[in-house]
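Encoded as structure tokens, the structure appears first; notes follow it.
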Amino acid sequence: MHIPTREEAYALLTEYNDQDGLIKHALAVEAVMRYGARKRGLDEETWGIVGLVHDLDYGRFPDQHCTMTARILRERGWPEELVHAVVSHGWGLCSDVEPSTEMEKVLFAIDELCGLVTAAVLVRPSKSLHDLEVKSLRKKWKDRSFAAGANRDVIEKGAAMLGANVDDLMADAIAGMREVAGALGLDGSLAGTA
């Protein structure tokens, strides 16, 4: 059984996705997954790889999201447990694979949340993750018209699966994404730009 490396996962991601936004989202989810694994004392590399490729098919096959990812990963010989983990993030939306492991539940919970964090940072004058606090993110959360594409019901469902509260997930997402803020363009370097 071949366990893919981070480099192989990134090459696969960029083979199927050329949109900057999708790649940055994948990097954000990877970072939060790594942070979550580290916090739990679990396998950071595996968690990160799953986060990195979770939207593998979205750039080319948005109408077959998760279905095509499963096919691509299986064709490449990825372990079934990783295929299951990746596909489970779409549970109830584009997949009937329910998250069952801790890794899968975290991915399900934080995928949409990473999009909300990114949107919240981009409307800040600083354009920086480094001064974003949970309290500010919570205000954006309550405004359902803000980042309306970030499915708050999925985030809440994921938090419930984990026995966590949404504020704790927000803190973890911010902390994980701060580790790669520069790669995400959310380190303040965009401040002053439209």
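The values are calculated or read from the model by the stated rules, or taken from the named source; none is laboratory data. Because the structure is predicted, anything quoted here is derived from the model rather than measured. Because the Cβ atoms are built from the backbone with ideal geometry, glycine has one as well, and the counts that use them run over all protein chains shown.
What to note about this one:
- For the residues 129, 107, 73, the requirement of being over 20 Å from residue 31 (Cα atoms), crowded, with 22+ Cβ neighbours inside 10 Å and either basic (Lys, Arg) or at pLDDT 95 or above (or both) singles out 73.
- No other residue among 145, 88, 126 is within 16 Å of the chain's Cα centre (by Cα) and farther than 17 Å from residue 21 by Cα apart from 88.
- Look at the stretch 39-63: where a residue is touching a residue at least 12 places away in the same chain (Cβ under 8 Å) and of a type in the set (D, E, K, R) and a partner is surrounded by 23 or more Cβ atoms within 10 Å (Cβ to Cβ) and not in a helix (DSSP H, G or I), sitting 6+ places away or on another chain with Cβ atoms under 8 Å, you get 57/66.
- The stretch 1-60 - residue that is surrounded by 20 or more Cβ atoms within 10 Å (Cβ to Cβ) and small (Gly, Ala, Ser) and, of those, nearest to residue 113 (Cα to Cα): 28
- Comparison of 126, 100 shows that the only residue that is without any contact (Cβ under 8 Å) to a residue 60 or more places away in the chain and hydroxyl-bearing (Ser, Thr, Tyr) is 100.
- Here the helices (runs of 4 or more DSSP H) wholly within the stretch 23-127 that include at least 1 residues being within 24 Å of residue 182 (Cα to Cα) are 44-53, 102-122.
- Any hit, the stretch 146-155, residues being in contact (Cβ under 8 Å) with a residue 40 or more places away in the chain, among the hydrophobic types (A, V, I, L, M, F, W, C), under 26 Å from residue 101 (Cβ atoms) and surrounded by 16 or more Cβ atoms within 10 Å (Cβ to Cβ): yes
- Scanning the stretch 129-141 for residues that are of a type outside the set (Val, Ile, Thr), over 15 Å from residue 112 (Cα atoms) and more than 17 Å from the chain's Cα centre (by Cα) turns up 130, 131, 132, 133, 135, 136, 139.
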